[in-house]
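The values are calculated or read from the model by the stated rules, or taken from the named source; none is laboratory data. The model shown is predicted, which means the values in this text are computed figures rather than measured ones. Cβ sites come from the backbone with ideal geometry, for glycine too, and all protein chains shown count toward neighbours. For the accessible areas, the whole protein counts, side chains as well, though only heavy atoms, and no ligand, DNA or RNA atoms are used. Shrake-Rupley method; radii C 1.70, N 1.55, O 1.52, S 1.80 Å.
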Amino acid sequence: MADKILLCTFLIINTVCASVVKFNETTFASLPPLYELDEWKQCQQPGDVYCIVDAVLLSRHQSPGLTLLQEYSKEVLKHYNRTQIHRGVCVTRCGVNDNATGSWEAAAQLCVNESVQKYGLEAEVLGVDWCANVGESPIAESSSARALAVLSIVLVALAFLATILHVLGERCAKVDGNKYLLAFSMKRNWSILTYDRSKPRSDERMKSLACLEGMRVMGLLSVIFSHALLIYVYSFTDNPEFIENMYDQFVWKTLLNTPIWLQAFFSMSGFLTAYSILITVNTKPITIWKCLIGIVNRYIRLTPAAGFALWFIMSWYPLLGSGPQWTWMVTREAHDCSERWWYHILYVHNHLEMGKMCMGHTWYLAADMQLHIAGLFLMLFLVRYPKTTVVVLPSLVITSAVAAGLVTYFNELTPIITGQSPEVLRTMFAGSKILSMLYLPSWMNLSGYVGGIATAFILHYNQVNGIKLNQMKCFNVAFHLAMTLGGCVAAAGAVFLADRAPPPWAAALYAALDRTLIAVFFNIFMLGCLSECKSGLRSMLDWRGFHFLGRLSYSVFLIHFIILRLVMAGNTQLGHGSIYSLISVLITISVLSFIIAIPFCLLVELPAIELWKAISESDRSDKSPPTASAHQAQVPTIHTSMTTVKPMDLLTNIRRRNEV
C-alpha cells in the first residue's frame, strides 16, 4: 500500500509540479527520516560508544521512495539532501569495531542499514564521527582546563580582596590601596556597569548618545534570534521540513535576510570612533602615534573577554554535560577552536575557510577591528584635510557597493546569505562562496562603517553651527520613514528565494545596493535619534534600563552562542522546530545570557579594561584632569572618575568622588 502511495505521488510530481516538489506529512512518514537518534539512556553501560553517523540511501531495485527523495532533493535552494541521512547511533550495540583501525564504521553500517530496510532501501555509511565513550568515566581535565581554573580563582580572589578594601576605604577611611587593585573592585565595576549614560562625566555632548544603548540591545536580541534559528538548521530535529517551508513563506524569507542589518552595528562603531575624535580634536589633535595607541586600546578592550570565552570553549566546554548531540555541537567546536584560536586572537578569522564551528558569530569582531584600524587612519586624513570629506566618504561607499555587485555577478552568487541550501547551512557553510566572498570581508561592510563616520561629521557640524535637525520638517519625515524603508530593502531580497530567481544582473544590483541602502536608512534614523527628533521609538530607546543592558551587550554577544549550544546539545531527544519553540529558545537564551553576563562582565571584561587604563594612564596621573580619550569615547558605556588621583592612593579617589 505504501509503495502505491509513493508511486502515485511520484507520478503527480512529474506531471504537475515541474520544478516545485512538496510532500505532505503522510508522504514524509512513509520515507526514511532525515534525522534519528538512538535512545541515549540505553547506551550508558561501561564500554558503550555513541557516534554521529552519516549515510547515503541506496536501492538495488527500482524504488519509488528513493526516486521521490531524489526529486525532492533537486530543489537544492530550499531542501535538505534527503538522499543522505544522519543518525546518532550507539555503535557498540551494533557490533564490534575494526581492531586494526579502531573504526566503528562496520558496526554503524549494520545498525543504519537495518533501520532503513523497512522502507525497502539500503544505506551506505559515509562517515562515523564525533564518537563519545559514554559508558566510561568523565574525561579527565586537561592542563588547559586546570590553568583556566587557576585563572578564574585568581580573578575571584582579586575581586573579593579589592571589593573589601574599597568598602572599608569608604567606611573607615583608613585602608590604603592602589588603582591597579581597584580595577578588580566589584563595587567600582558595578557602578560603571549601572551608570546613567544620560549624565556623561567627560563631555556634555555625549548625553545624546545614551539612546545607542537601546539600539545595541534591540540589535543584539535580533542576533540571538537569528542564531537560535540557525541552530535548528544544523541540529537534529524531527521535522526538518519546518526549515524547508520557511523558503516558501514571505515573512520568513524577509526574516532570513536580516543579516544585512548588521550594518547597524558597523554604523554605530564607525560613528563612535569618528565622533569621539571630532569632539576632542581641538584640545587633543589626532596623530599617527595616537592612532596606534587607539588600536592597542581597542585590542585590549575586546581581547581579554573574547580570549577568556575562547579558552573556556577549548577547555571546559566539553566537560559540562553529555547527550546524543554533545560531540556534534560542543566537542566539535572545542576541537575546531583548538586549531584556530590564534586566528581569533589576531582578528583575522573572518577570512578562514568555512565549515568549522569555532565561535563563528565573532567574525563581526574581526571585521570591526579591521575597520577600526582603517577608520582611525581615515580620520587622521579627514581631520587634516576636512574639505575632502564630501569626496572621500561617498567614494568609499560606492567602491564597496560596486565590488559587492561585481563579485556577485562574476561568481554567479545569490546576493543574500540565506540564498543557500539548508544543506549548506547544516554544514556551517562548508564550500559556500557567498559568506566568504560577499559578507565576511571587512571591505564588504564599508557602507555601514563609513556611513557611521559621515553621521558623526554631520552631527558635529550641526552642533558647532547650531543647526537643529529636529526642527526641520523634511528631515523629520525622512527620520520616521527610515526604518520602514530599510525593512522594505530587506523584504525585497525575498525574490531571490523564489523558484525562479531573477537574472544575474538583478542579483548584482541588489548585492550592490542592499547593505548600502540599509546603512543609509539606519544612519538617518540614528542621526534623528541623536538630534533628539520626537518619536515614540526614540523614547523607548532612551529607557534607563537599556543603559545597564547595553553595557552588558558585549559579554552577552560573546557567551550567548555558548549557552545556546549547551541548552540544545543537552537535549536527549530530537528537537522540534516551530515558531513557539523559537520564541521559547529566544527568551530562555536571552535571559540566561544577560544573567551570566553580569559576573562575566564584573570579573573579566571590566577589570581588564580598568587595569589597562590604570597602566596606560600611570604616567599622566599627576597631571591635570584628562578629557575623554578617543578610545573612551568610542565605548561611551565605560566611564571612570575624572578627578586627579595619586597612583597608589585609593582613599583620595574615594573622597573626591564623594565630594562630587
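Across bins of 10 angstrom width beginning at 0, how are the C-alpha pair distances of the range 549-607 distributed, in whole percent?
Reading upward from the zero bin: 23, 47, 22, 8, 0.
Distance from the Cα centre of the range 189-241 to that of the range 55-122, in angstrom?
Result: 42 Å between the Cα centres.
Considering the range 466-581, what Rg and Dmax in Å follow from its alpha-carbon atoms?
Looking at the range 466-581, its Cα Rg and Dmax stand at 20.0, 63 Å.
Apply the Karplus parameterisation 6.51 cos²θ - 1.76 cosθ + 1.60, with θ equal to phi minus 60°, to every residue of the range 257-269 and state each ³J(HN,Hα) to the nearest whole Hz, in sequence, with x for glycine and proline.
Running phi through 6.51 cos²θ - 1.76 cosθ + 1.60 with θ = phi - 60° gives 9, 5, x, 5, 6, 4, 4, 4, 5, 5, 5, 5, 5 Hz.
May I ask you to give the percent of accessible area on the chain that is carbon plus sulfur, with a probe radius of 1.4 Å?
64 percent
Lys/Arg Cβ at +1, Asp/Glu Cβ at -1, dipole of the range 445-578 taken about the Cα centre: which of ALA478, PHE496, LEU459 is farthest positive-ward?
Of the options given, the answer is LEU459.
Using the heavy atoms of the protein chains and a 1.4 angstrom probe, tell me the accessible area per residue for the range 348-455 in square angstrom.
38 Å²
Order the peptides 109-115, 85-91, 508-514 from the highest to the lowest mean number of other Cβ atoms within 10 Å of their residues.
Highest-to-lowest ranking by the protection proxy: 85-91, 508-514, 109-115.
Stick to Cα atoms and the Kirkwood definition of Rh, then tell me Rg/Rh for the range 347-436.
Rg/Rh: 1.08.
Within the P(r) computed for the range 241-367, what percentage of the Cα pairs occupies the region above 21 Å?
60 percent
What is the sum of charges around MET246, taking Lys and Arg as +1, Asp and Glu as -1, for the other residues whose C-beta is under 11 Å from the C-beta of MET246?
-1
Using only the Cα atoms of the chain, what semi-axes does the equivalent ellipsoid have when each is the square root of 5 times a gyration tensor eigenvalue? Give whole Å, largest first. Don't skip to the end; give the middle numbers.
Working: eigenvalues 477, 218, 74 Å².
Result for the chain: semi-axes of 49, 33, 19 Å.
Quote the charge dipole size of the chain about the Cα centre in Debye, to the nearest 20; the model charges only the Cβ of Lys and Arg (+1) and of Asp and Glu (-1).
3100 debye
Suppose we take every Cα in the range 364-415 and form the convex hull; what volume per residue is that in Å³?
85 Å³
Quick one: which of 310-318, 451-459 comes out on top by average Cβ neighbours within 10 Å, and what's the full order, highest first?
451-459, 310-318
Among the lysines, which have Cα under 28 Å from the Cα of LYS534 when same-chain residues fewer than 8 positions away are ignored?
Leaving aside lysines fewer than 8 places away in the same chain, those within reach of LYS534 are LYS199, LYS207, LYS468, LYS473.
For the ranges 550-558, 190-198, 49-57, what's the packing order if you count other beta-carbon atoms within 10 Å of each residue, average per peptide, and put the highest first?
550-558, 49-57, 190-198
List the pair-distance distribution P(r) of the range 314-468, using every Cα-Cα distance, as the percent of pairs falling in each 5 Å bin from 0 up to the bin containing the longest distance, rounded to whole percents.
So the P(r) values, bin by bin, are 2, 8, 14, 15, 15, 13, 11, 8, 6, 4, 2, 1, 0.
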